[in-house]
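Taking it in order: structure first as structure tokens, then the write-up.
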Amino acid sequence: MKLLTLLLLSLVAVASAPALAANGIAFREMHEATTGTTMPATVIYPAAGPAASTELGPYRVAATPGLDIVGGRHPLVLISHGHGGSALGHHDLATALADAGFIVAAIEHAGDSHRDQSGFGTERVLLGRAWQMSALLDLLLADPQLGPHIDADRVGVAGFSAGGYTSLLLLGATPDFARRESYCAAQPDDAEVCVEVPAIIERLPVSRATDDPRIRAGFVMAPFAIFFDAATLARVDAPVFLYGAMADRVLLPAYNVLPVRDALPRLHTFRGITGAGHYVFLAPCNAGMSKTLPVLCVDPPGIDRGALHSQINADAVGFF
């Protein structure tokens, strides 16, 4: 009798558990006019249909191509990946937001992705990243399938590393590239900023502002921030949820996330993950990726990336 009772209770628990949300995934191509760059975009959205996953390269993404979007208007979050990254590098964040009713879109930044890093250390990337995100927003709002379902008054941005820098640009911060000289005098061994790129940042013949007032909030993870001073960060007139990895050896917290934390006038929340390295914000890796890309995938002892991402994703859903 006791066994029967336990079986019945387990069946009730299964029956009452919420069904997994179904997400759709769509692919677009977008063009950014100022830099003359074209790049792929990935959109994940709440969908009508059975929940399933799709294998996309090394990633298993909890979304299915071809599903119809759920009716009504949905808030939108744009995701900007880090230097040399991928549009799917934060796929678990994207699907968590889609589960909660958001449309989520990411691009593979031209000149600064895992396929192409030819623009690293140039204005084509250092300014162009923000223009690319604004062009993505233009594309989505005009898209005949997706545009009618976007609530244009509820648009946010999430970004990691160089994507965090991009998010701050979009929210009103202005970079001062001359700050690199004093930073490199203090940290001459910083390979990415001070060694591997030319000392003179390649300029564009034309320029324009990088802020986009249509974007109302930012979820910023381990931002690259040496080009920002306190005065420009004080002009970010939008709420920001800020995450840092306190054992970050790629973007030292003392020069990056902590000055951002201290200067933002509308800091919503700051969470510093003790003991975590820079790449903890990338989606948890499968066994194959962990073996071939340990620098990106293997965390220090005591850091459970899966558990951390449950918290990070929940924070993003709650914030937006």
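The values are calculated or read from the model by the stated rules, or taken from the named source; none is laboratory data. Since the structure is predicted, the reported quantities are computational estimates derived from the model, not experimental observations. When we count neighbours, we look across all protein chains shown, and the Cβ atoms used for this are built from the backbone with ideal geometry, even at glycine. Surface areas here come from the heavy atoms of the whole protein model, side chains and all, with no ligands, DNA or RNA. Shrake-Rupley method; radii C 1.70, N 1.55, O 1.52, S 1.80 Å.
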> When DSSP beta bridges are limited to those with both residues in the chain, what percentage is antiparallel, rounded to the nearest 5?
Replying inline: 40 percent
> Residue-wise, which Karplus ³J(HN,Hα) couplings in Hz belong to the range 136-149, taking 6.51 cos²θ - 1.76 cosθ + 1.60, θ = phi - 60°, and x for glycine or proline?
Replying inline: 4, 4, 4, 4, 5, 5, 8, 5, x, 8, 8, x, x, 9
>> Highest mean first, how do 287-299, 59-71 rank when packing is the count of other Cβ atoms within 10 Å averaged over residues?
In response: 59-71, 287-299
> Over the range 167-320, what lengths in whole Å, largest first, do the semi-axes of the equivalent ellipsoid take, defined as the square roots of 5 times the eigenvalues of the alpha-carbon gyration tensor?
Replying inline: 26, 22, 14
>> Kirkwood Rh and Cα-based Rg: tell me the resulting Rg over Rh for the range 188-251, rounded to two decimals.
In response: 1.01
> How much length, in nm to one decimal, is gained on full extension between R208 and E192, taken as 0.36 nm per residue of separation minus their Cα-Cα distance?
Replying inline: 3.2 nm
> Residues of the chain: accessible area per residue at 1.4 Å, in Å²?
Replying inline: 45 Å²
> Which of the peptides 126-134, 260-268, 80-88, 233-241 is most tightly packed, and how do the rest follow, judged by the mean count of other Cβ atoms within 10 Å per residue?
Replying inline: 126-134, 80-88, 233-241, 260-268
> Most fluctuating residue of L93, L204, L76 in a GNM of the chain with Cα springs under 10 Å: which is it?
Replying inline: L204
> Roughly how many percent of the accessible protein surface of the chain is carbon and sulfur, given a 1.4 Å probe and a whole-percent answer?
Replying inline: 59 percent
> Arranged from highest to lowest average of other beta-carbon atoms within 10 Å per residue, in what order do the peptides 163-174, 184-195 appear?
Replying inline: 163-174, 184-195
> If you find the alpha carbon centre of the range 28-64 and of the range 91-142, how far apart are they in angstrom?
Replying inline: 11 Å
> Summing -39500 (n - 2.57) over the DSSP H runs of n ≥ 4 in the chain and dividing by its residue number, what mean residue ellipticity at 222 nm do you reach, to the nearest 500 deg cm²/dmol?
Replying inline: -8500 deg cm²/dmol
> Which values of log₁₀ I(q)/I(0), to two decimal places, follow from the Debye formula for the chain at q = 0.11, 0.14 Å⁻¹ with a uniform point scatterer at every Cα?
Replying inline: -0.67, -1.08
> Where does helix 305-319 land angle-wise versus the long Cα axis of the chain, in degrees 0 to 90, nearest 10?
Replying inline: 80 degrees
> Starting at 0 and stepping by 5 Å, how many percent of the alpha carbon pairs of the range 73-175 end up in each bin?
Replying inline: 3, 14, 24, 24, 19, 11, 5, 1
